[in-house]
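A.B. asks: Let me give you the structure first, and then I'll get to my questions.
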Amino acid sequence: MLLFRFFVATLFAMVFMSPSWAYNYGQSAFSLQRYLDANPNQQPLIEQLSVRVHSQPIPMSTSQSTTQKIAVVLRGSADLPSNQAWIVAFKRRMQELNIDFRLDVFHVEGEADISLTLRTYKRIEAANFDYLIVDGVDGYNRPLLEGILKHGEIKVLLLNAMAPFDAWRLHPPLMYIGIDSVKMIHRLASYLERVLPAKSVVDIISTKEASLNQRYCQIFVNEWNFLGRTARFSYQVADQAESAYHAATEVLDRSVDTLMAHFIFSCTPNIAQGVAQAISERGASTATTNAWLGQESISKASQDGIVMVTVLEMKDNVAIATAEAIKGDIESRLLPRIYMESSLMLTPEMDEQTRQMTFQQATPYSSALWPR
């Protein structure tokens, strides 16, 4: 089997490389813009796909001779709201597009269970799928994906990558699809710079998970400094609510001036959950934080004045774009190499009706699945 040709390479990566190596294959936050600058012909194709993603679905006009066999490999357990929402949105759009398909869903934990990753990709290769959708690239699935791409029998759509990998230019995936995290974080930092007083105390709690840190945390730090603002403390913790809770408690204990505005930047939904809990338990604290789509009890934290702004990544549109890309491929359309979706924000200035409309816009198919 082709898959086992990469088994030794994968084990080598696990044993001999440092954990950070798994993400050295990734790109900087500016790779996407550099790619677009070097490939201006991509922009019209991106705009054409964007129109289809944000419009009502147009069903296929021709009948299909075969059922499209599709595999998707998602990170984390099946009960994660993000995974459930992706599947719901993707299936719904595929049905609306009148595509005859069969979807097999696989869940992996990356380095937590490398043997499961190997078994999963072996099953996918043996099953002769037409399309493979993969949530992200790391040092554990990269050699397996490279084998599939070089073999060329399965068309790959890659989720949550910032820009095309230069090393795959000779055997690229059908498309890279994700959230434009650079624009999202720039917009968030710009909003905070406007609403936070100049003498505010700002602390940052980021994650040790390298891919998330690169995609969100470091971009915020760079943008915050670019805006002429500085952070007092910067903590790096595991991407867990409990770890963030302890870090936020320590940060709050070191804040002696309770009259000065205090903001704690939470890098991920898990971190935001722990930070919000710590602030809530403090009671009379003037500290606030940010929240993300998927954080539990967003509404209550917002009502209590704990959450200053909530970022809504338009995850449904990522699933919709994936479905539209498959339809375009079946119809032999020209497709962009990459498609990045935008994000929205919920702010205190919004009334309840506007908040509800904004939330619905961000989650047109999966709003009922997300914690509110």
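The values are calculated or read from the model by the stated rules, or taken from the named source; none is laboratory data. The model shown is predicted, which means the values in this text are computed figures rather than measured ones. Counting neighbours? That spans all protein chains shown, and the Cβs are built from the backbone with ideal geometry, glycine included. Keep in mind that these areas ignore ligands, DNA and RNA; they rest on the heavy atoms of the full protein, side chains included. Shrake-Rupley method; radii C 1.70, N 1.55, O 1.52, S 1.80 Å.
A.B. asks: Taking region 87-104 as the search range and keeping residues that are in contact with a strand residue (DSSP E or B) (Cβ under 7 Å, 6 or more places away or on another chain) and of a type in the set (A, V, I, L, M, F, W, C), which one is surrounded by the fewest Cβ atoms within 10 Å (Cβ to Cβ)?
C.D. replies: 103
A.B. asks: Working carefully through the options 128, 98, find the one that is more than 22 Å from the chain's Cα centre (by Cα) and within 16 Å of residue 329 (Cα to Cα).
C.D. replies: 98
Residue-by-condition table, conditions (1) touching a helix residue (DSSP H, G or I) at 6+ places or on another chain (Cβ under 6 Å); (2) crowded, with 22+ Cβ neighbours inside 10 Å; (3) part of a helix (DSSP H, G or I):
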residue	(1), (2), (3)
325	no, yes, yes
328	no, no, yes
333	no, no, no
356	no, no, yes
361	no, no, yes
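A.B. asks: Kindly list, by first and then second residue, each pair from a residue in region 112-136 that is over 26 Å from residue 164 (Cα atoms) to a residue that is of a type outside the set (Lys, Arg), limited to pairs with Cβ atoms under 6 Å and residues at least 6 apart or on different chains.
C.D. replies: Listed pairs, sorted by first residue: 116/108.
A.B. asks: Okay, moving on. Report whether or not residue 350 is touching a residue at least 60 places away in the same chain (Cβ under 8 Å), open to solvent by less than 80 Å² (accessible area, probe 1.4 Å) and either within 25 Å of residue 190 (Cβ to Cβ) or not in a helix (DSSP H, G or I) (or both).
C.D. replies: Here the answer is no, as residue 350 does not meet what is asked.
A.B. asks: Let me ask you something else. For region 285-325, give me the residue count where each residue is modelled with pLDDT of 85 or more, among the aliphatic types (A, V, I, L, M) and within 20 Å of the chain's Cα centre (by Cα).
C.D. replies: Here the count works out to 12.
A.B. asks: Which count do you get for residues in region 221-249 that are farther than 17 Å from residue 262 by Cα and open to solvent by less than 50 Å² (accessible area, probe 1.4 Å)?
C.D. replies: Counting residues in region 221-249 that are farther than 17 Å from residue 262 by Cα and open to solvent by less than 50 Å² (accessible area, probe 1.4 Å) gives 6.
A.B. asks: For residues that are part of a helix (DSSP H, G or I), open to solvent by 10 Å² or more (accessible area, probe 1.4 Å) and over 22 Å from residue 315 (Cα atoms), tally how many sit in region 157-189.
C.D. replies: Summing the residues that are part of a helix (DSSP H, G or I), open to solvent by 10 Å² or more (accessible area, probe 1.4 Å) and over 22 Å from residue 315 (Cα atoms) in region 157-189 gives 2.
A.B. asks: For the condition open to solvent by 70 Å² or more (accessible area, probe 1.4 Å), in contact (Cβ under 8 Å) with a residue 12 or more places away in the chain and over 24 Å from residue 362 (Cα atoms), what is the one hit in 252, 259?
C.D. replies: Residue meeting the stated conditions: 259.
A.B. asks: Being within 30 Å of residue 93 (Cα to Cα) and aliphatic (A, V, I, L, M) is true for just one of 272, 325. Which residue is that?
C.D. replies: Answer to the check: 325.
A.B. asks: Working only within region 108-124, note down all residues that are open to solvent by 30 Å² or more (accessible area, probe 1.4 Å) and under 17 Å from residue 69 (Cα atoms).
C.D. replies: Scanning region 108-124 gives 122, 123.
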